[in-house]
Amino acid sequence: MITDSRAIHAAVEAGQLASVVVCRGQRLSQDQREVLAFAKTHGVRVKTIVPVAFQREYGVYALVGIQARTQTVSLARVIEGLSATSKLLILDHIQDPHNMGALIRSAVSFGFEAVIYAKDRQCPVTDAVVSASAEAVHHIQMCQVTNIAQAMQTLSKHQVWLYGTIVDAPIAVSKWQPHTPCGVVMGHEHSGISPGIEKQLDDSVRIDTPGATGSLNVSAAGAIVMHWAFVKTAKD
C-alpha cells in the first residue's frame, strides 16, 4: 500500500501497481490528480469508492485520498527466473517498517532478485516501507507467501542454498563462502531466526562485533551479509 504521489508514480513506471483507489468526493492535490492521470495512461486500474468503505478498508490512510497496491509475484515465478548466480532475501517475520525498507534497499543495491516475506506476522509493504527503501521496493520482485518454512522447503528442492545470520553461528561472515543460487534469511528484530526456520538452513554465519554492543540491528546485519554474498559471488 503506497500513499505518496512520487512513490505511486515510480511504481507505475516500474509496472508494479495492481490498482489505485480514490476516496470519492475527497479534494485531491495537483500532484495526486497528475499521478492519477499518469496511472490511467499506463493502463493501471483506477477505482473510486465511497468514504465509508474507503475508511473501513484503508484506516488511517483514508485522509490521503489515493491508495495504491504494489503487485507481488508468486514463488513459482521467482523459481522460474532463478539462474546459477541468483540471490534472494528471505524475511522471517520482520516487524518494523524501517527495518524492512532498509533491508529491501540493501537487497536491490547488492543485486538480489527477490524479497520473500510472510503474509502474516510480518510488516506489510506500507508507505513507510516504500519510503525507508528509498523506493527500491519498485526495483525488485516482492514475493508474499503464506508460510516461510514451506517456501524454504520448496526453494531447497530447486537447489537453492539457504543461509541465515545467527549470533553464535560457527562461521564468521568474513570466512563465508556462499554457494548460489542462494537465499539469505534475516530473522525477527528481537527473537531472531525462529527454530523451525533455523533447522532448514544449509549453514549460518555470525557477524563479530568487538564493540560494547553485542549485536547489530537486523537491517545493518542484513546489509553486511548481503554485501558479502555479492562480493563472493560476483564474476570477475
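Tabulated data for the structure shown
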quantity	calculated
Hey, Val129 modelled with pLDDT under 95, in contact with a helix residue (DSSP H, G or I) (Cβ under 6 Å, 6 or more places away or on another chain) and either farther than 22 Å from Ser19 by Cβ or crowded, with 20+ Cβ neighbours inside 10 Å (or both) or not	yes
From the options Ala102, Ala107, Ala76, residue that is over 19 Å from Pro178 (Cβ atoms) and touching a Gly at 6+ places or on another chain (Cβ under 9 Å)	Ala102
Within the stretch 37-51, considering residues that are more than 10 Å from Val12 (Cβ to Cβ) and more than 25 Å from the chain's Cα centre (by Cα), the one modelled with the highest pLDDT	Ala37
The lone exception for Val137 - which of (1) more than 16 Å from Val218 (Cα to Cα); (2) in contact with a Gly (Cβ under 6 Å, 6 or more places away or on another chain) it fails	(2)
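Matching residues to (1) crowded, with 16+ Cβ neighbours inside 10 Å; (2) of a type outside the set (Ser, Thr, Tyr); (3) within 20 Å of His227 (Cβ to Cβ):
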{"position": "Asn147", "(1), (2), (3)": "no, yes, no"}
{"position": "Trp161", "(1), (2), (3)": "yes, yes, yes"}
{"position": "Gly164", "(1), (2), (3)": "yes, yes, yes"}
{"position": "Asp168", "(1), (2), (3)": "no, yes, no"}
{"position": "Lys175", "(1), (2), (3)": "no, yes, yes"}
{"position": "Thr180", "(1), (2), (3)": "yes, no, yes"}
{"position": "Gly183", "(1), (2), (3)": "yes, yes, yes"}
{"position": "Gly187", "(1), (2), (3)": "yes, yes, yes"}
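The values are calculated or read from the model by the stated rules, or taken from the named source; none is laboratory data. No experiment lies behind these values; they were computed from the predicted model shown. Note that each Cβ is placed from the backbone with ideal geometry, even for glycine, and that neighbours are counted across all protein chains shown.
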